[in-house]
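Below: the structure, in C-alpha coordinates.
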Amino acid sequence: MNIPFFRYPHVFEHHREIIEKALISVSAKGAYILQSELQTFEDRIAEYCGAEYAIGVGNGTDGLEMIVQAVGLGPGDEVLLPSHTFIASASPIVTHGAVPVLVEIADDHLMDPEDIEHRITSRTRAIMPIQLNGRTADMDRIIEIAEKQDLILIEDSAQGLGSRYRGKMAGTFGVAGIYSFYPAKTLGCLGDGGVIVTDDDDLARIFRQLRDHGRDESTGEVVRWGRNSRLDNLQAAVLLAKLDLHVEEIEIRRNLARRYHQNLKNLSQLLLPPPPEDGDNPVHFDVYQNYEIEAEDRDTLGDYIKERGVGTLVQWGGKGIHQYPALGIKASLPGTEEMLRKALMLPMNSSLTGQEVDYICEQVIAFYSI
Ligand SMILES: *Cc1c(COP(=O)(O)O)cnc(C)c1O
(Lines give C-alpha, C1' and ligand atoms only; values in the text may rest on other atoms or scores of the structure.)
Protein backbone atom coordinates (compact mmCIF):
# COMPACT_ATOMS: atom_id res chain seq x y z
CA MET A 1 0.00 0.00 0.00
CA ASN A 2 1.05 3.56 -0.60
CA ILE A 3 -0.88 6.10 1.46
CA PRO A 4 0.58 9.60 1.24
CA PHE A 5 -0.18 11.99 4.07
CA PHE A 6 -2.29 14.11 1.73
CA ARG A 7 -3.30 13.68 -1.93
CA TYR A 8 -3.10 17.15 -3.46
CA PRO A 9 -4.35 16.06 -6.92
CA HIS A 10 -7.48 14.75 -5.21
CA VAL A 11 -8.56 18.35 -4.40
CA PHE A 12 -9.25 18.69 -8.13
CA GLU A 13 -9.73 15.12 -9.34
CA HIS A 14 -12.41 14.23 -6.84
CA HIS A 15 -14.66 17.05 -8.09
CA ARG A 16 -13.21 17.43 -11.58
CA GLU A 17 -16.50 17.84 -13.42
CA ILE A 18 -18.04 20.55 -11.29
CA ILE A 19 -14.74 22.39 -10.96
CA GLU A 20 -14.10 22.38 -14.71
CA LYS A 21 -17.59 23.69 -15.30
CA ALA A 22 -17.11 26.51 -12.80
CA LEU A 23 -13.69 27.50 -14.14
CA ILE A 24 -14.85 27.57 -17.75
CA SER A 25 -18.01 29.48 -17.04
CA VAL A 26 -16.26 32.20 -15.02
CA SER A 27 -13.32 32.47 -17.43
CA ALA A 28 -15.54 32.68 -20.51
CA LYS A 29 -17.51 35.53 -18.91
CA GLY A 30 -14.27 37.29 -17.97
CA ALA A 31 -15.63 37.60 -14.42
CA TYR A 32 -12.39 37.57 -12.44
CA ILE A 33 -12.58 40.07 -9.61
CA LEU A 34 -15.44 40.87 -7.19
CA GLN A 35 -18.14 39.21 -9.30
CA SER A 36 -21.38 37.38 -8.65
CA GLU A 37 -19.82 33.99 -7.80
CA LEU A 38 -17.94 35.63 -4.93
CA GLN A 39 -21.10 37.34 -3.71
CA THR A 40 -23.06 34.08 -3.86
CA PHE A 41 -20.28 32.16 -2.15
CA GLU A 42 -20.11 34.76 0.64
CA ASP A 43 -23.87 34.51 1.15
CA ARG A 44 -23.69 30.72 1.25
CA ILE A 45 -20.78 30.61 3.72
CA ALA A 46 -22.53 33.11 5.99
CA GLU A 47 -25.66 30.96 5.92
CA TYR A 48 -23.69 27.74 6.51
CA CYS A 49 -21.94 29.24 9.54
CA GLY A 50 -24.86 31.15 10.95
CA ALA A 51 -23.03 34.48 10.64
CA GLU A 52 -24.52 37.74 9.37
CA TYR A 53 -21.66 38.50 6.98
CA ALA A 54 -18.88 36.70 5.14
CA ILE A 55 -16.14 38.62 3.32
CA GLY A 56 -13.91 36.67 0.94
CA VAL A 57 -10.22 37.52 1.24
CA GLY A 58 -6.94 36.45 -0.35
CA ASN A 59 -6.09 33.93 2.40
CA GLY A 60 -6.82 33.22 6.05
CA THR A 61 -3.73 35.06 7.31
CA ASP A 62 -4.78 38.29 5.58
CA GLY A 63 -8.22 37.85 7.09
CA LEU A 64 -6.78 37.67 10.61
CA GLU A 65 -4.56 40.62 9.89
CA MET A 66 -7.55 42.71 8.81
CA ILE A 67 -9.44 41.71 11.96
CA VAL A 68 -6.53 42.76 14.19
CA GLN A 69 -6.43 46.08 12.34
CA ALA A 70 -10.18 46.69 12.33
CA VAL A 71 -10.66 46.06 16.05
CA GLY A 72 -7.86 48.54 16.72
CA LEU A 73 -5.14 46.40 18.28
CA GLY A 74 -1.80 48.17 18.22
CA PRO A 75 1.57 48.75 19.86
CA GLY A 76 1.83 47.32 23.37
CA ASP A 77 -1.53 45.54 23.27
CA GLU A 78 -1.25 41.91 24.36
CA VAL A 79 -3.18 39.13 22.64
CA LEU A 80 -3.52 35.70 24.25
CA LEU A 81 -3.25 32.63 22.05
CA PRO A 82 -1.84 29.09 22.29
CA SER A 83 1.66 28.33 21.03
CA HIS A 84 0.60 25.11 19.26
CA THR A 85 -0.54 26.81 16.09
CA PHE A 86 0.67 27.98 12.71
CA ILE A 87 2.89 31.07 12.74
CA ALA A 88 0.10 32.70 10.72
CA SER A 89 -1.95 33.05 13.93
CA ALA A 90 0.69 35.26 15.53
CA SER A 91 2.14 37.23 12.62
CA PRO A 92 -1.04 39.35 12.09
CA ILE A 93 -0.73 40.47 15.73
CA VAL A 94 2.92 41.45 15.31
CA THR A 95 2.22 43.19 11.96
CA HIS A 96 0.21 45.78 13.87
CA GLY A 97 2.72 46.16 16.68
CA ALA A 98 0.75 44.15 19.21
CA VAL A 99 2.30 41.38 21.31
CA PRO A 100 1.42 37.66 21.20
CA VAL A 101 1.24 36.15 24.70
CA LEU A 102 1.19 32.38 24.74
CA VAL A 103 -1.10 30.09 26.71
CA GLU A 104 -0.84 26.36 27.41
CA ILE A 105 -2.97 23.76 25.67
CA ALA A 106 -5.24 21.12 27.19
CA ASP A 107 -5.32 17.38 26.40
CA ASP A 108 -7.29 18.02 23.21
CA HIS A 109 -4.45 20.28 21.93
CA LEU A 110 -6.62 23.43 22.16
CA MET A 111 -6.24 26.54 24.32
CA ASP A 112 -6.43 25.54 28.00
CA PRO A 113 -8.95 27.81 29.75
CA GLU A 114 -7.32 26.96 33.10
CA ASP A 115 -4.10 28.67 32.01
CA ILE A 116 -5.59 31.84 30.51
CA GLU A 117 -6.09 33.93 33.61
CA HIS A 118 -2.47 33.52 34.79
CA ARG A 119 -1.28 35.16 31.58
CA ILE A 120 -3.51 38.25 31.78
CA THR A 121 -1.80 41.59 32.53
CA SER A 122 -2.94 45.22 32.50
CA ARG A 123 -2.07 45.32 28.78
CA THR A 124 -4.10 42.28 27.70
CA ARG A 125 -6.70 43.40 25.15
CA ALA A 126 -7.74 40.34 23.20
CA ILE A 127 -7.93 36.57 23.20
CA MET A 128 -7.56 34.35 20.14
CA PRO A 129 -8.56 30.69 20.53
CA ILE A 130 -7.31 28.52 17.66
CA GLN A 131 -9.94 26.00 16.54
CA LEU A 132 -7.18 23.54 15.72
CA ASN A 133 -7.48 20.19 13.93
CA GLY A 134 -11.18 20.80 13.29
CA ARG A 135 -12.20 20.95 16.95
CA THR A 136 -13.64 23.97 18.76
CA ALA A 137 -12.15 24.99 22.11
CA ASP A 138 -14.13 25.11 25.36
CA MET A 139 -15.88 28.33 24.37
CA ASP A 140 -18.12 28.59 27.46
CA ARG A 141 -15.09 29.05 29.68
CA ILE A 142 -13.21 31.23 27.20
CA ILE A 143 -16.20 33.56 26.68
CA GLU A 144 -16.72 33.76 30.43
CA ILE A 145 -13.11 34.89 30.90
CA ALA A 146 -13.27 37.30 27.93
CA GLU A 147 -16.42 38.93 29.32
CA LYS A 148 -15.11 39.12 32.86
CA GLN A 149 -11.79 40.64 31.74
CA ASP A 150 -13.32 42.78 28.96
CA LEU A 151 -11.23 41.18 26.22
CA ILE A 152 -11.92 41.22 22.48
CA LEU A 153 -12.53 37.69 21.21
CA ILE A 154 -11.06 36.85 17.78
CA GLU A 155 -11.10 33.30 16.39
CA ASP A 156 -8.55 31.64 14.18
CA SER A 157 -10.87 29.02 12.71
CA ALA A 158 -8.66 28.41 9.68
CA GLN A 159 -9.00 24.68 10.44
CA GLY A 160 -12.52 24.83 11.85
CA LEU A 161 -15.07 25.21 9.05
CA GLY A 162 -18.14 23.18 10.03
CA SER A 163 -16.87 22.48 13.54
CA ARG A 164 -19.33 23.25 16.33
CA TYR A 165 -19.36 23.73 20.08
CA ARG A 166 -22.79 23.26 21.69
CA GLY A 167 -24.31 23.64 18.23
CA LYS A 168 -22.59 26.95 17.41
CA MET A 169 -20.07 27.12 14.59
CA ALA A 170 -16.39 27.72 15.17
CA GLY A 171 -15.58 31.19 13.91
CA THR A 172 -18.82 32.79 15.08
CA PHE A 173 -18.19 33.20 18.81
CA GLY A 174 -16.20 36.41 18.82
CA VAL A 175 -16.30 39.80 17.05
CA ALA A 176 -14.95 38.10 13.94
CA GLY A 177 -13.33 34.85 12.81
CA ILE A 178 -11.63 33.43 9.73
CA TYR A 179 -11.58 30.25 7.68
CA SER A 180 -8.83 29.25 5.28
CA PHE A 181 -9.35 27.54 1.92
CA TYR A 182 -5.73 26.43 1.55
CA PRO A 183 -5.95 23.23 -0.56
CA ALA A 184 -5.38 20.85 2.36
CA LYS A 185 -8.11 22.41 4.53
CA THR A 186 -11.49 20.64 4.74
CA LEU A 187 -12.83 23.00 2.07
CA GLY A 188 -9.83 23.58 -0.17
CA CYS A 189 -9.55 25.72 -3.29
CA LEU A 190 -6.97 25.53 -6.08
CA GLY A 191 -4.52 27.88 -4.39
CA ASP A 192 -4.89 30.44 -1.61
CA GLY A 193 -8.20 31.72 -0.30
CA GLY A 194 -9.92 32.72 2.91
CA VAL A 195 -12.99 34.36 4.40
CA ILE A 196 -13.82 36.53 7.41
CA VAL A 197 -17.15 36.04 9.18
CA THR A 198 -18.78 38.54 11.52
CA ASP A 199 -22.20 39.67 12.76
CA ASP A 200 -21.11 43.29 13.08
CA ASP A 201 -22.36 45.69 10.34
CA ASP A 202 -19.57 48.20 10.82
CA LEU A 203 -16.80 45.61 10.86
CA ALA A 204 -18.21 43.92 7.73
CA ARG A 205 -18.14 47.25 5.87
CA ILE A 206 -14.59 47.94 7.06
CA PHE A 207 -13.38 44.45 5.98
CA ARG A 208 -14.85 45.03 2.49
CA GLN A 209 -12.97 48.32 2.29
CA LEU A 210 -9.71 46.94 3.70
CA ARG A 211 -9.57 44.05 1.22
CA ASP A 212 -10.16 46.37 -1.76
CA HIS A 213 -7.63 49.23 -1.47
CA GLY A 214 -9.71 51.10 1.10
CA ARG A 215 -12.47 51.74 -1.43
CA ASP A 216 -16.07 51.96 -0.33
CA GLU A 217 -18.19 49.37 -2.06
CA SER A 218 -21.08 51.61 -3.03
CA THR A 219 -19.25 54.79 -4.06
CA GLY A 220 -15.86 53.50 -5.18
CA GLU A 221 -14.32 56.35 -3.17
CA VAL A 222 -11.14 55.63 -1.20
CA VAL A 223 -12.14 56.12 2.43
CA ARG A 224 -9.16 54.57 4.30
CA TRP A 225 -5.80 52.93 3.69
CA GLY A 226 -6.41 49.38 2.55
CA ARG A 227 -4.67 46.58 0.68
CA ASN A 228 -5.43 44.19 -2.14
CA SER A 229 -6.70 40.94 -0.64
CA ARG A 230 -9.85 39.81 -2.42
CA LEU A 231 -10.88 36.20 -2.82
CA ASP A 232 -10.51 35.56 -6.58
CA ASN A 233 -13.81 35.04 -8.30
CA LEU A 234 -12.43 31.87 -9.92
CA GLN A 235 -11.59 30.43 -6.51
CA ALA A 236 -14.99 31.53 -5.21
CA ALA A 237 -16.67 29.67 -8.08
CA VAL A 238 -14.67 26.51 -7.29
CA LEU A 239 -15.49 26.80 -3.59
CA LEU A 240 -19.15 27.40 -4.34
CA ALA A 241 -19.24 24.19 -6.37
CA LYS A 242 -17.53 22.23 -3.58
CA LEU A 243 -19.45 23.75 -0.66
CA ASP A 244 -22.49 21.55 -1.29
CA LEU A 245 -20.33 18.50 -0.61
CA HIS A 246 -18.66 19.82 2.52
CA VAL A 247 -21.13 18.28 4.97
CA GLU A 248 -20.68 14.90 3.26
CA GLU A 249 -16.88 15.19 3.35
CA ILE A 250 -16.97 15.97 7.05
CA GLU A 251 -19.04 12.82 7.60
CA ILE A 252 -16.32 10.84 5.79
CA ARG A 253 -13.68 12.34 8.10
CA ARG A 254 -15.76 11.63 11.20
CA ASN A 255 -16.20 8.01 10.13
CA LEU A 256 -12.47 7.66 9.54
CA ALA A 257 -11.79 9.16 12.99
CA ARG A 258 -14.24 6.68 14.52
CA ARG A 259 -12.36 3.88 12.77
CA TYR A 260 -8.94 5.10 13.93
CA HIS A 261 -10.27 5.30 17.47
CA GLN A 262 -11.83 1.85 17.35
CA ASN A 263 -8.62 0.32 16.00
CA LEU A 264 -6.12 2.11 18.22
CA LYS A 265 -7.90 2.76 21.50
CA ASN A 266 -6.34 -0.22 23.26
CA LEU A 267 -2.78 0.92 22.67
CA SER A 268 -1.74 2.42 25.99
CA GLN A 269 1.31 3.97 24.30
CA LEU A 270 -0.86 6.44 22.36
CA LEU A 271 -2.94 9.45 23.28
CA LEU A 272 -5.68 9.76 20.65
CA PRO A 273 -7.88 12.74 19.77
CA PRO A 274 -11.35 12.55 21.32
CA PRO A 275 -13.58 10.31 19.15
CA PRO A 276 -16.64 11.81 17.40
CA GLU A 277 -19.47 12.39 19.87
CA ASP A 278 -22.68 10.69 18.82
CA GLY A 279 -26.21 11.95 19.34
CA ASP A 280 -28.12 15.00 18.18
CA ASN A 281 -26.59 17.55 20.54
CA PRO A 282 -22.92 16.82 21.01
CA VAL A 283 -20.87 19.31 23.05
CA HIS A 284 -18.13 19.06 20.45
CA PHE A 285 -18.90 18.39 16.80
CA ASP A 286 -15.40 17.83 15.42
CA VAL A 287 -14.63 17.91 11.69
CA TYR A 288 -11.19 16.24 11.92
CA GLN A 289 -9.18 18.62 9.78
CA ASN A 290 -6.31 16.56 11.21
CA TYR A 291 -5.88 13.41 13.25
CA GLU A 292 -3.11 14.31 15.67
CA ILE A 293 -1.99 11.62 18.09
CA GLU A 294 0.70 11.67 20.77
CA ALA A 295 3.35 8.98 21.08
CA GLU A 296 6.48 8.97 23.23
CA ASP A 297 8.46 7.53 20.32
CA ARG A 298 6.76 9.39 17.49
CA ASP A 299 9.88 9.66 15.33
CA THR A 300 10.61 5.94 15.29
CA LEU A 301 6.90 5.20 14.90
CA GLY A 302 6.72 7.62 11.94
CA ASP A 303 9.81 6.01 10.33
CA TYR A 304 8.44 2.51 10.87
CA ILE A 305 5.11 3.13 9.18
CA LYS A 306 6.74 5.20 6.44
CA GLU A 307 8.77 2.12 5.47
CA ARG A 308 5.42 0.40 5.10
CA GLY A 309 4.04 3.07 2.77
CA VAL A 310 2.23 5.38 5.17
CA GLY A 311 2.93 9.13 5.14
CA THR A 312 2.71 11.08 8.40
CA LEU A 313 3.34 14.71 9.29
CA VAL A 314 4.61 16.51 12.35
CA GLN A 315 2.50 19.66 12.28
CA TRP A 316 4.66 22.77 11.70
CA GLY A 317 7.82 20.73 12.22
CA GLY A 318 6.91 20.05 15.85
CA LYS A 319 7.54 23.63 16.93
CA GLY A 320 5.32 26.00 18.84
CA ILE A 321 5.52 29.65 17.89
CA HIS A 322 7.76 30.34 20.90
CA GLN A 323 10.31 27.87 19.51
CA TYR A 324 11.61 29.89 16.53
CA PRO A 325 14.69 31.61 18.01
CA ALA A 326 14.71 34.16 15.15
CA LEU A 327 11.37 35.54 16.33
CA GLY A 328 12.39 36.05 19.95
CA ILE A 329 9.11 35.12 21.63
CA LYS A 330 9.80 34.01 25.20
CA ALA A 331 7.35 31.84 27.10
CA SER A 332 7.32 29.14 29.73
CA LEU A 333 5.10 26.39 28.35
CA PRO A 334 6.28 23.00 29.66
CA GLY A 335 2.97 21.28 28.89
CA THR A 336 2.92 22.50 25.29
CA GLU A 337 6.57 21.55 24.81
CA GLU A 338 5.98 18.04 26.06
CA MET A 339 3.05 17.62 23.69
CA LEU A 340 5.04 19.04 20.76
CA ARG A 341 7.72 16.43 21.35
CA LYS A 342 5.14 13.65 20.97
CA ALA A 343 2.64 14.90 18.37
CA LEU A 344 2.25 13.08 15.07
CA MET A 345 -0.48 13.36 12.46
CA LEU A 346 -1.79 10.26 10.71
CA PRO A 347 -3.40 10.62 7.25
CA MET A 348 -6.86 12.20 7.47
CA ASN A 349 -8.70 13.42 4.40
CA SER A 350 -11.76 12.62 2.33
CA SER A 351 -9.79 10.60 -0.25
CA LEU A 352 -8.91 8.01 2.38
CA THR A 353 -10.83 4.73 2.60
CA GLY A 354 -11.73 2.72 5.66
CA GLN A 355 -9.50 -0.10 4.39
CA GLU A 356 -6.59 2.32 4.21
CA VAL A 357 -7.20 3.41 7.80
CA ASP A 358 -7.28 -0.25 8.85
CA TYR A 359 -3.95 -0.81 7.08
CA ILE A 360 -2.40 2.25 8.77
CA CYS A 361 -3.61 1.04 12.17
CA GLU A 362 -2.22 -2.46 11.54
CA GLN A 363 1.21 -0.94 10.96
CA VAL A 364 0.96 1.14 14.13
CA ILE A 365 -0.08 -1.92 16.13
CA ALA A 366 2.76 -3.95 14.56
CA PHE A 367 5.24 -1.27 15.66
CA TYR A 368 4.17 -1.73 19.27
CA SER A 369 4.26 -5.52 19.03
CA ILE A 370 7.97 -5.77 18.21
C1 LIG B 1 -3.97 27.36 7.48
C2 LIG B 1 -3.90 28.13 8.75
C3 LIG B 1 -3.80 29.53 8.79
C4 LIG B 1 -3.53 30.36 7.59
O5 LIG B 1 -4.44 30.28 6.55
P6 LIG B 1 -3.93 30.65 5.09
O7 LIG B 1 -5.19 30.66 4.30
O8 LIG B 1 -2.96 29.62 4.65
O9 LIG B 1 -3.31 32.02 5.17
C10 LIG B 1 -3.89 30.17 10.02
N11 LIG B 1 -4.02 29.48 11.16
C12 LIG B 1 -4.08 28.14 11.17
C13 LIG B 1 -4.27 27.44 12.46
C14 LIG B 1 -4.00 27.42 9.98
O15 LIG B 1 -4.03 26.08 10.00
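Quick one: check the C-alpha center-to-center distance for segment 298-341 versus segment 134-157, whole angstrom. Cα centroid of segment 298-341 versus Cα centroid of segment 134-157: 26 Å apart. By DSSP, the beta bridges lying fully in segment 88-241 are antiparallel in about 60 percent of cases. Residues whose amide H comes within less than 5 Å of that of SER83, counting only those at least five positions distant or on another chain, are VAL103 (H built at 1.01 Å from N in the peptide plane). Taking all protein chains into account, the per residue accessible area for segment 66-204 stands at 32 Å² (1.4 Å probe).
Full extension of the chain between HIS10 and VAL94 yields a length gain of 26.7 nm, computed as 0.36 nm times the residue separation minus the alpha carbon distance. In the chain, helices alone account for a calculated mean residue ellipticity at 222 nm of -12000 deg cm²/dmol, with every DSSP H run of four or more residues adding -39,500 (n - 2.57).
Taking the 1.4 Å solvent-accessible surface of the chain as the whole, the part contributed by carbon and sulfur is 49%.
Of the beta bridges in the chain, as assigned by DSSP with both residues counted there, near 60 percent are antiparallel.
A cut-off of 5 Å between modelled amide H atoms, ignoring neighbours fewer than 5 places along the same chain, links ILE3 with VAL310, GLY311.
Sorting the segments 172-184, 344-356, 5-17, 281-293 by their mean number of nearby beta carbons within 10 angstrom, highest to lowest, gives 172-184, 281-293, 344-356, 5-17. Subtracting the Cα-Cα distance of ASP280 and LYS265 from their residue separation scaled by 0.36 nm leaves 3.0 nm. Computed extension gain for ARG141 through SER36, at 0.36 nm per residue and net of the alpha carbon distance, reaches 33.8 nm.
The values are calculated or read from the model by the stated rules, or taken from the named source; none is laboratory data. Keep in mind the model is a prediction, meaning the values are calculated, not measured. Virtual Cβ from ideal backbone geometry, glycine too; neighbours counted across all protein chains shown. The accessibility values were calculated without ligands, DNA or RNA, using every heavy atom of the protein model including side chains. Shrake-Rupley method; radii C 1.70, N 1.55, O 1.52, S 1.80 Å.
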